[in-house]
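The values are calculated or read from the model by the stated rules, or taken from the named source; none is laboratory data. Note that the structure is a prediction, hence the values are computed from the model and not measured. All Cβ positions, glycine included, derive from the backbone under ideal geometry; neighbour counts span all protein chains shown. In case anyone asks, the SASA skips ligands and DNA or RNA and just uses the protein heavy atoms, side chains included. Shrake-Rupley method; radii C 1.70, N 1.55, O 1.52, S 1.80 Å.
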Amino acid sequence: MQRFRESWQDVSVQTTSPNGCIHLTNRGDREFRITCDDSWFHRATLGDFTTQLGRLFKLALVERTQAYNRHKEMVTGLQITPIDGSRNPHLQTFVDKRDNLAVEGVSADGTVSIASVGLTHFVITIDSQLWARRDRLAVQRALDEAGTAMVADQFRKMYELKQAGH
Amino acid sequence: MVTPADLMDLQGRLMDRYNSGSWGSGFPDDPSQFGSCFNNFADVPDPSQFGQHTDALLETMTLLAPTGFDTGTSDGSGNPVTGNANTALDQVSTAGIELDDWTGQAADGFFQWSQSWKTGISNQFAAAAVLRQLLHAEAAVWTAALEDLEKLGNDAYAALEAADDEFDTGAGEISTTLKVVGAVVAVAAAVPTGGASLSILAAVGAGVTVASTGMDVYAAGQTESKKFATCCPRDVLADLMDGVRRVEDAVRDAEDAIRAQLDTNLAEIDGNWDEFCQPPPTLTSVHRNHIAAYSGLGTWGGGS
């Protein structure tokens, strides 16, 4: 299991938004990096941008979970399947709480925040002044910080949920 | 090959892992079960110990074999276990013919006995083959059971690790398959009488491919899936004990099937005892006083 934990930190999962213009790279448990097509970024409205981000995050969650489980299977030899809450009431409670878990991450300067419920719906807020500057690198950096903070919040709250015995 | 001692060691490691975990709540009602979950299997047979018994029965079969035979089992290297006919058996059948000058009641009795003797030996061969196959089935059951239990223990350990991991979100369950549920093997039908001994080998071979020495191969097709939650020790222990109970039930079912087959075969042998152990030839029951030498035998004193 230790070998899995260490090797997982080197696994990258790359996801692209439905319109092909925003890319997210997750590496292991911590790295969260957004890159955006420069020409599209300058054409997009704020609404288009956040809509594509929200869809990108949903896709990324699915792909990251699949990659995590497959990597675990490969390294440990275990077979991992999606959690089946119907097996007992405890598990169902866990699944219900997990699916309603609210997490949030905010960039260091407070200009970008990402909030999610159950990691299925994402609300991305970008400060209008930051967006007005059309500084792609600044937006990407703020998204990276907010995304990293959100992932950390998700780990912390999921661990609390496990520790609480649901 | 997994031994009962391995399971005792594994449950000790499970208990240690639970004790070293950082659990908020979600404690099992009785966490000590992590350290005692396999106690019911502490004294079960070690599958490797069946080898000496099946080897001894193979030796018996070789002595009783009317023709060459294939046991339908394989050795530790996967090679078929076969045996040659014991040609010495033929000499008994023909001995009565060769005693041309022997006449009388004892001679007739011996001749008749020698003609049917080989049939009885063939039936004994069949009985030995059935017994050997039942031992194989027994070994197969315990091999599969102990392997399943080890797998359950290792998966429970991994599930505890995940539950205690702050970066594992518990979104995936660990799935495994239990083999022992398919261990109710098709072991021997009743032993045939009338010297059809070789036909039994095809019947008893069905469903069992345990190597006669290693006994590490089991090829039952039926399996059952088992899942382990990874979100808290209470659910991990519940899944572990559920798996252990399923193994216990499967072993019980398999033992019932083996015992039923053994009973069937014992009844067949009891009901046809003379077909397996013929009455001795008349000669052996003649009273000592009825056996005498010719009166003139050994009396010649030489020429005068």
Exercise. Scan the stretch A:82-99 for residues that are of a type in the set (A, V, I, L, M, F, W, C), part of a helix (DSSP H, G or I) and either farther than 17 Å from B:PHE167 by Cα or free of Cβ contacts under 8 Å to residues at least 24 places away in the same chain (or both) and jot them down.
Key: A:LEU91, A:VAL95
Quiz prompt | When residues of the stretch B:15-55 are limited to those that are aromatic (Phe, Trp, Tyr) and within 22 Å of B:LEU149 (Cα to Cα), the one farthest from the other protein chains (Cβ to nearest Cβ) | solution = B:PHE50
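To keep it simple, each residue is scored yes or no on (1) touching a strand residue (DSSP E or B) at 6+ places or on another chain (Cβ under 6 Å); (2) buried (at least 19 other Cβ atoms within 10 Å of the Cβ); (3) among the aromatic types (Phe, Trp, Tyr); (4) over 22 Å from B:CYS231 (Cβ atoms).
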{"position": "A:THR16", "(1), (2), (3), (4)": "yes, no, no, yes"}
{"position": "A:THR35", "(1), (2), (3), (4)": "yes, no, no, yes"}
{"position": "A:ASP48", "(1), (2), (3), (4)": "no, no, no, yes"}
{"position": "A:HIS71", "(1), (2), (3), (4)": "no, no, no, no"}
{"position": "A:LEU78", "(1), (2), (3), (4)": "yes, yes, no, no"}
{"position": "A:GLY85", "(1), (2), (3), (4)": "no, no, no, no"}
{"position": "A:GLN92", "(1), (2), (3), (4)": "no, no, no, no"}
{"position": "A:LYS97", "(1), (2), (3), (4)": "no, no, no, no"}
Quiz item: Is there a residue in the stretch A:145-162 that is assigned to a loop (DSSP other than H, G, I, E, B) and more than 12 Å from every other protein chain (Cβ to nearest Cβ)?
Solution: no
Self-check item: All positions within the stretch A:126-144 that are open to solvent by 30 Å² or more (accessible area, probe 1.4 Å), within 17 Å of A:ASP48 (Cβ to Cβ) and either within 14 Å of chain B (Cβ to nearest Cβ) or touching a residue at least 60 places away in the same chain (Cβ under 8 Å) (or both)
Solution: A:SER128, A:ARG134, A:ARG136
Quiz prompt | Flag for A:GLY85 being within 14 Å of chain B (Cβ to nearest Cβ), closer than 23 Å to A:PHE32 by Cβ and modelled with pLDDT under 95 | solution = no
Quiz item: Only one of (1) within 11 Å of another protein chain (Cβ to nearest Cβ); (2) touching a residue at least 60 places away in the same chain (Cβ under 8 Å); (3) of a type in the set (S, T, N, Q) fails for A:GLN79. Which number is that?
Solution: (2)
Exercise. Taking the residues in the stretch B:221-243 that are β-branched (Val, Ile, Thr) and under 22 Å from A:MET1 (Cβ atoms) as candidates, determine which candidate is nearest to the other protein chains (Cβ to nearest Cβ).
Key: B:THR230
